[in-house]
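Read the structure below first, then the notes.
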């Protein structure tokens, strides 16, 4: 029986601070983009949408073997919320209970964590927690997803900040604090064995 959710993967950025496309970095011979999409698909969503922006034409072939829908984000420079808005528009209003939102720059991400988020998001938004913050991946009930205010690079932070009792679920994942934004992050991930060295 298929899960009652859609999976959305964010991969539209230009990796400016890193100096190379993070989507192409390798873990165990698999690009981070392909790995994020594969893990999202492993949760058995009804649909899996991938937001691509910078270098979309060269990144699309990395997903050719997966049953995903590519959403090209023309205004990806406007920040994370541009990708979220494009994904929301492309998804429409299906009769699903939740959306699972995944980035492509957390090399320690595992399937068990995504499943735990979906389990926790039956009645309230569920966010990953690490390094004292609530962040991605996250799972949202469909009503909260449709109503979310999306602007600039704010993403889903306005929902994540809602700390009233019973309104937010959290799933601890300390290893996900390391996302790949800078060369120092990349070096740290390589030292932990989460990414392959170049060449």
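At-a-glance table
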| read-out | value |
| --- | --- |
| Any strands (runs of 3 or more DSSP E) falling wholly within region 1-87 and containing at least 1 residues that are in contact with a strand residue (DSSP E or B) (Cβ under 6 Å, 6 or more places away or on another chain) and surrounded by fewer than 20 Cβ atoms within 10 Å (Cβ to Cβ) | 47-52, 69-72 |
| Answer residue from region 166-190, given it is loosely packed, with under 14 Cβ neighbours inside 10 Å and under 22 Å from residue 99 (Cα atoms) and is modelled with the highest pLDDT among those | 172 |
| Flag if residue 111 is at pLDDT 95 or above, within 19 Å of residue 11 (Cα to Cα) and surrounded by 14 or more Cβ atoms within 10 Å (Cβ to Cβ) | no |
| Test: residue in region 164-176 that is within 22 Å of residue 11 (Cβ to Cβ), in contact with a strand residue (DSSP E or B) (Cβ under 8 Å, 6 or more places away or on another chain), part of a helix (DSSP H, G or I) and in contact (Cβ under 8 Å) with a residue 60 or more places away in the chain | yes |
| Scope region 88-112; condition more than 19 Å from residue 195 (Cα to Cα) and part of a helix (DSSP H, G or I); matching residues | 88, 89, 90, 91, 112 |
| Inter-residue pairs, beta-carbon under 8 Å, first without any contact (Cβ under 8 Å) to a residue 12 or more places away in the chain and in region 11-33, second surrounded by fewer than 20 Cβ atoms within 10 Å (Cβ to Cβ), 6+ apart | 30/38 |
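The values are calculated or read from the model by the stated rules, or taken from the named source; none is laboratory data. The shown structure was predicted, so the numbers you read here are calculated from the model rather than taken from an experiment. Every residue, glycine among them, receives a Cβ derived from its backbone with ideal geometry; neighbour counts consider all protein chains shown.
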